[in-house]
Amino acid sequence: MLIRAGFEIAFECPGPAPMLLQVHVRPERAADLVTAEQLRTDPPTHYSTYIDDFGNRCTRLVAPAGILTLSNLFHIRDSGVQETMPWGARQAPVNELPDDVLIYLLGSRYCDTDRLASQAWSQFGGIEGGWPRVQAILDDTHSRIQFGYEFARPDRTASQAYREGKGVCRDFAHLAITLCRCMNIPARYCTGYLGDIGVPRDPAPMDFSAWFEVFLGGAWHTMDARHNTPRIGRILMARGRDATDAAISTVFGTAKLLKFQVVTEEVAQG
């Protein structure tokens, strides 16, 4: 399968503003690129990239005063195979987990495990560990939160999403991650492209998507509490403890978002 993906984002800054962006495909998907990513800036602005501690490709630049438009467009190959769930996957005891996985058991900025631990054990403690418990957390999160772009709020934590019962895809991910961590299941946040491939087209404007991964049976597995169904054609851009580590843009100053367009679609292969 061939997928066309990209974005156009515009900011207006009253003065020069340093920015940190995570808008590139993860390095492990680079081999799937049919056309290279080309991050364009208008006006032309110098930028540099580096790989952070989570393996994400990050971009640094200083946005000039005025309007800065960022864009990227590329074609990437995908297997076209629908995701599968880890039926029967075992949950390892904490003392058997790899060292580099332990960080994904800890609370973080948006995943406030201390506020949901008692509730998590009350709800899910009697469910068999491993995949059955993860599935129960997915089902509960999916039914608990009402999705709506009008509900977006950048400072909402998992416990607030649990209480408020509304949010966007990052809130679904943060709540499910937090409940998993409370149950000693390592979980990490992911963001990237997810087009309407193999499902009815969503009439709402395309956006970047958030999902998460859990560590079961000695491997990481993709989970999506918002859609709660296997999908086709995810393109991972960044992952980390929560949205702080995988933010599309972080501005060290003042910037007003003027434009935000994302495209992700299957294209015919000639």
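There is no residue in the range 141-151 that is under 24 Å from R57 (Cβ atoms), within 17 Å of the chain's Cα centre (by Cα) and touching a residue at least 40 places away in the same chain (Cβ under 8 Å).
Run down V267, V262 and say which single residue is over 24 Å from T157 (Cβ atoms), β-branched (V, I, T), at pLDDT below 95 and more than 14 Å from the chain's Cα centre (by Cα).
Numbers: V262 fails: at pLDDT below 95.
One residue alone meets the criteria, V267.
Regarding Q91, is this residue in contact with a Gly (Cβ under 7 Å, 6 or more places away or on another chain) and buried (at least 21 other Cβ atoms within 10 Å of the Cβ)? Can you show your working first?
Details: in contact with a Gly (Cβ under 7 Å, 6 or more places away or on another chain): yes; buried (at least 21 other Cβ atoms within 10 Å of the Cβ): yes.
When the stated conditions are applied, Q91 passes them.
When the range 1-29 is limited to residues that are among the small types (G, A, S) and within 18 Å of the chain's Cα centre (by Cα), the one that is farthest from D196 (Cα to Cα) turns out to be G6.
With a cut-off of at least 1 residues that are hydroxyl-bearing (S, T, Y) and surrounded by 24 or more Cβ atoms within 10 Å (Cβ to Cβ), name the strands (runs of 3 or more DSSP E) lying wholly within the range 143-243.
Numbers: elements: 187-193, 209-216, 219-223, 235-240.
Fully inside the range 143-243 and qualifying: 187-193, 209-216.
Is the range 131-139 home to any residue that is more than 19 Å from V214 (Cβ to Cβ), among the polar types (S, T, N, Q) and modelled with pLDDT of 95 or more? Break it down stepwise before answering.
Pass one, the range 131-139, residues more than 19 Å from V214 (Cβ to Cβ): none.
No, the conditions are met nowhere in the range 131-139.
Per the conditions (1) β-branched (V, I, T); (2) in contact with a strand residue (DSSP E or B) (Cβ under 6 Å, 6 or more places away or on another chain); (3) assigned to a loop (DSSP other than H, G, I, E, B), the sole criterion not satisfied by T264 is (3).
State the number of residues belonging to the range 194-228 that are over 30 Å from D99 (Cα atoms) and of a type in the set (F, W, Y). Reasoning before the result, please.
So the first thing to find is which residues in the range 194-228 are over 30 Å from D99 (Cα atoms), and the list is 194-208, 227.
Narrowing further to those that are of a type in the set (F, W, Y): 208.
Total meeting the criteria: 1.
Annotation: of all residues in the range 153-175 being closer than 14 Å to S108 by Cβ and among the aliphatic types (A, V, I, L, M), the one that is farthest from the chain's Cα centre (by Cα) is A158. Scanning the range 244-261 for residues that are assigned to a strand (DSSP E or B) and either among the small types (G, A, S) or touching a Cys at 6+ places or on another chain (Cβ under 6 Å) (or both) gives a single hit, S249.
The values are calculated or read from the model by the stated rules, or taken from the named source; none is laboratory data. The shown structure was predicted, so the numbers you read here are calculated from the model rather than taken from an experiment. No Cβ is skipped: glycine too gets one built from the backbone with ideal geometry, and neighbour counts run over all protein chains shown.
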